[in-house]
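What follows is one structure encoded as structure tokens, with my remarks underneath.
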Amino acid sequence: MSQLGLLFVFGEPGPNLADAEFNDWYDNEHVPLRMAIPTFPRTTRWAAVDGQRPTYLATYDLTSCEILEQPPYNALAQTRSLREKDVLARAELLDRRTYDLLEPDIVPAAEGYNAGEPGPYFITLQARVRPEIEDDLNRWYHEEHIPLLAKVPGWRRSRRYVLRDVGPASGTGAGELEAKGRPPKYLAVHEWESLASFETEEFRHATSTPWRMRLFEGAEVWDRRLFNVMRTWVQE
């Protein structure tokens, strides 16, 4: 089943909700309800390993973002359990975004790639650049950056997306988040076998070329996060 959209949700339990309770709800109620819908091919939960917040990330592969506006998915908000309502009321943040796949894989995934075993390490890169250099950003990814990453030992797969919609965010931290404005337009995600990949000469080269440094220095936002896989669900 092809994946053309992405539901991307940062999560932070906060002081009023224990991590164990938050994760039990996510793993045993929230995600299974969505994986019962055939248009959700894969869901993965990730935990930050970069010391930054939000601590958790859930990525839901979608056959298209339109399915979020259609039954049975759009009925889930009206049929929430008492437990889910309680967890959502106490969580500090659930930051929800949807993205459209910007382009098919520029290069194939690594040999032997298994959609049921993504990662186990996951880099997200959100970028906002001035409109006049967007074409340059996209050409860099297509012509140089992802082809170079594919040569790094331990690279698994890269995908790029463009922001479609934002929110609604929920939780006690939602107001602060909304005050920051709309997230960056572009999202790139990269799956890696090991943290050791980032110490290789191939990785250092891929992330320090003159083209990359020119874009980095001219970007309005260049936000990189690093996560480790927690659990993956795949449609049978």
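The values are calculated or read from the model by the stated rules, or taken from the named source; none is laboratory data. Just so you know, these numbers come straight off a predicted model, no measurement behind them. Positions of Cβ are generated from backbone atoms using ideal geometry, with glycine treated the same way; all protein chains shown enter the neighbour counts.
It is to be established whether one or more residues within the stretch 183-206 are at pLDDT below 95, under 20 Å from the mean Cα position of the chain (by Cα), of a type in the set (D, E, K, R) and within 22 Å of residue 65 (Cβ to Cβ). Taking every residue of the stretch 183-206 in turn, none turns out to be at pLDDT below 95, under 20 Å from the mean Cα position of the chain (by Cα), of a type in the set (D, E, K, R) and within 22 Å of residue 65 (Cβ to Cβ). Inclusion of residue 183 among residues that are in contact (Cβ under 8 Å) with a residue 12 or more places away in the chain and surrounded by 14 or more Cβ atoms within 10 Å (Cβ to Cβ) is warranted.
Picking from 69, 103, 92, 84, which residue would you name as being of a type outside the set (S, T, N, Q) and touching a Leu at 6+ places or on another chain (Cβ under 8 Å)? Before you say what the answer is, go through the steps one by one.
Details: 69 fails: touching a Leu at 6+ places or on another chain (Cβ under 8 Å); 103 fails: touching a Leu at 6+ places or on another chain (Cβ under 8 Å); 84 fails: touching a Leu at 6+ places or on another chain (Cβ under 8 Å).
One residue alone meets the criteria, 92.
With surrounded by fewer than 20 Cβ atoms within 10 Å (Cβ to Cβ) and under 24 Å from residue 65 (Cα atoms) as the only criterion, which of 169, 110 stands out? Of the residues listed, the single one that is surrounded by fewer than 20 Cβ atoms within 10 Å (Cβ to Cβ) and under 24 Å from residue 65 (Cα atoms) is 169.
Here residue 195 fulfils each of the conditions (1) without any contact (Cβ under 8 Å) to a residue 24 or more places away in the chain; (2) over 25 Å from residue 97 (Cβ atoms); (3) hydrophobic (A, V, I, L, M, F, W, C) apart from (1). The residue of the stretch 113-138 that is nearest to residue 40 (Cα to Cα), among those that are exposed (fewer than 14 other Cβ atoms within 10 Å of the Cβ) and among the charged types (D, E, K, R), is 135. When restricted to residues that are under 19 Å from residue 172 (Cα atoms) and either of a type outside the set (S, T, N, Q) or exposed (fewer than 15 other Cβ atoms within 10 Å of the Cβ) (or both), the stretch 36-57 contains 5. Residues that are of a type outside the set (A, V, I, L, M, F, W, C) and either under 24 Å from residue 57 (Cα atoms) or surrounded by 14 or more Cβ atoms within 10 Å (Cβ to Cβ) (or both) within the stretch 140-150 comprise 141, 142, 144, 145, 147, listed in sequence order.
Consider the stretch 78-93 and keep the residues that are part of a helix (DSSP H, G or I) and touching a residue at least 24 places away in the same chain (Cβ under 8 Å). The one that is surrounded by the fewest Cβ atoms within 10 Å (Cβ to Cβ) is 83. Of the residues making up the stretch 26-35, one or more are among the hydrophobic types (A, V, I, L, M, F, W, C), in contact with a Phe, Trp or Tyr (Cβ under 9 Å, 6 or more places away or on another chain) and surrounded by fewer than 19 Cβ atoms within 10 Å (Cβ to Cβ). Among the residues of the stretch 1-35, the ones that are free of Cβ contacts under 8 Å to residues at least 24 places away in the same chain and outside any helix (DSSP H, G or I) come to 1 in all.
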